[in-house]
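Below: one structure, written as structure tokens.
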Amino acid sequence: MWNWSGSDLKLRLTLRVAAVSMLCFAAISGYFLIEADRAVHARIDAVADVAARTLELQQSKIQWLNNARSEFPDLEGVAASVMAPGLCLAFRSTGGEISQRFCGGAQTDTAAPPQAFAALYRRLFDPGRETVRPVVSRGQAIGEAVVWVDPAVLTAEAWHDAGRLMAVLMMTLPLLCGLVYAALARALRPTRQIRDGLERIAAGDLAARLPPFDLAELSAIGDVFNQLAERLATALSDRNALTQKLILVQDEERAHLARELHDEFGQSLAAIRALAASARLTAAQDCPPLLAECDGIARTATDMMETLRGTLFRLRPPDVDELGLAASLEGLIAGWNGRSRGQPRFEIALSGSFEHIPSSVSANLYRIVQEALTNAAKHAGATRVMLRLQMREAASGGDSDIVLTIDDDGRPGDPEGDRQVKSGMGLLGMRERVAALGGRLSFKSGRPDGSSLRVTVPVAAGADAAPVERAA
Ligand SMILES: Nc1ncnc2c1ncn2[C@@H]1O[C@H](COP(=O)(O)OP(=O)(O)OP(=O)(O)O)[C@@H](O)[C@H]1O
Ligand SMILES: [Mg+2]
């Protein structure tokens with residue numbers, strides 16, 4: 001069976017039209033052959049009637065004149081007037097003998113039909129069948145007039161007629177197919193535009209719209225496409241607004257938590273450390289054995305304050321607005337290098353000016369970098385992490401964009417699992433932040449030479465550091 005999937009619609013429809021046309025031609029040919037057969041047999045019937053009546057008249061004449069010497073049967077006169085190629089005319093006596101027979105000669109110039117056609121024609125029409133009319137004299141049948149046509153002649157004529165139709169078919173079918181193909185190609189030309197529109201939507205260009213088309217069906221598809229694109233754009237902008245709100249709430253929550261930790265927990269730790277110092281003074285005078293415990297409490301409180309400072313830093317990053325994105329990131333990298341004591345090594349390369357980017361962009365980029373660096377240290381066991389931030393200025397007054405890449409040389413985060421990265425909260429948050437900024441994110445993990453995160457965020461032309469929201 002022919003596999004139609006993926007075949008060209010125009011070719012498919014053209015082949016169907018060709019098949020239907022051939023069926024129609026076959027039906028027309030069949031109709032003509034039936035009509036021709038009917039006409040031939042009507043003629044044979046008429047000839048048989050004339051022959052029978054003529055023979056009866058001859059009998060009557062013999063009896064009336066009582067002339068036994070008159071020749072009977074005498075079909076020569078009838079034969080002379082009705083004879084045609086292949087037509088046979090005979091008188092058969094009641095005993096079954098043919099007493100006289102005339103046959104018209106067959107034309108020899110017609111090509112013999114193919115065997116298959118001849119067999120089919122014989123089967124369908126039985127071309128050699130006889131027409132018999134009784135010859136009655138004095139109320140008694142004395143024989144019968146028999147008329148038939150040579151089946152070879154009839155078959156050859158039928159083949160000749162069918163051949164003419166087939167020749168017409170051979171000439172018109174390619175022409176018809178060509179015309180149908182051209183008409184379909186013209187009518188379906190808008191499908192290319194529809195495909196281009198779908199590809200643009202798939203690539204994220206939600207401004208793609210289709211023009212009205214001539215064909216009603218394609219126009220309906222175009223309308224639905226435009227409505228869907230409209231709805232998708234609205235849904236995405238709603239989602240972005242919601243995501244921005246969620247991120248804002250999350251950042252505010254973090255800031256609140258950091259404040260609480262700093263004000264409550266931090267103060268309490270400071271108080272514990274002061275009390276430990278005062279207890280140490282008392283112990284030094286009154287109870288020296290307690291000195292070690294007092295030092296222990298002070299040390300523990302100091303360690304906890306260190307830990308708290310780290311947590312506060314993660315919860316509430318430096319004010320990116322005030323420091324600027326470049327300085328904040330450099331500080332972040334320096335912090336990681338300080339903490340990791342040389343392993344892994346974090347590096348940063350900035351290119352372009354980041355002074356006038358909106359605070360929402362810088363705050364979110366800072367958070368993205370923060371999470372990506374944590375992931376590289378946590379999952380990859382990398383020895384080198386490279387952060388690149390590049391401002392790509394637009395050519396002429398259009399939107400610029402910021403490209404952030406973070407590459408590490410670590411191993412895949414989930415060596416057991418498949419190549420698909422399982423998204424935790426971190427990657428999810430990054431994606432949401434990027435989506436909220438209308439940018440693109442791609443993350444490749446498990447490459448032989450490490451993982452790579454690439455974020456591209458548009459910065460509207462003339463955008464200034466207007467505070468849309470603040471990340472803690
Ligand atoms: N730099 C990286 N190198 C290798 N694998 C990584 C890297 N970053 C992320 N991954 C993989 O991607 C997965 C998802 O990361 P994601 O930050 O979303 O979640 P998480 O770090 O596991 O948890 P969370 O961030 O919520 O604490 C990780 O579990 C890890 O397998
Ligand atoms: Mg993470």
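Assorted remarks:
- The conditions of being touching an Asp or Glu at 6+ places or on another chain (Cβ under 9 Å) and either more than 30 Å from Glu432 (Cα to Cα) or aromatic (Phe, Trp, Tyr) (or both) are not met by Ala301.
- Selection status of Ala156, small (Gly, Ala, Ser) and over 55 Å from the mean Cα position of the chain (by Cα): no
Matching residues to (1) within 12 Å of ligand 1 (Cβ to nearest atom); (2) in a helix (DSSP H, G or I):
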| site | (1), (2) |
| --- | --- |
| Arg339 | no, yes |
| Glu347 | no, no |
| Ile357 | no, no |
| Val361 | no, yes |
| Tyr366 | no, yes |
| Glu371 | yes, yes |
| Asn375 | yes, yes |
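- Residue selected from segment 405-425 under the condition at pLDDT 85 or above and within 15 Å of ligand 2 (Cβ to nearest atom), by the criterion farthest from Ile348 (Cα to Cα): Asp408
- Filtered by the rule that a residue be among the charged types (D, E, K, R) and either farther than 25 Å from Ala436 by Cβ or surrounded by 13 or more Cβ atoms within 10 Å (Cβ to Cβ) (or both), segment 333-374 gives Arg339, Arg341, Arg345, Glu347, Arg367, Glu371.
The values are calculated or read from the model by the stated rules, or taken from the named source; none is laboratory data. Here the structure is a predicted model, which is why all the values come from computation and not from measurement. Cβ coordinates were reconstructed from backbone atoms using ideal geometry, including for glycine residues, and neighbour counts include every protein chain displayed.
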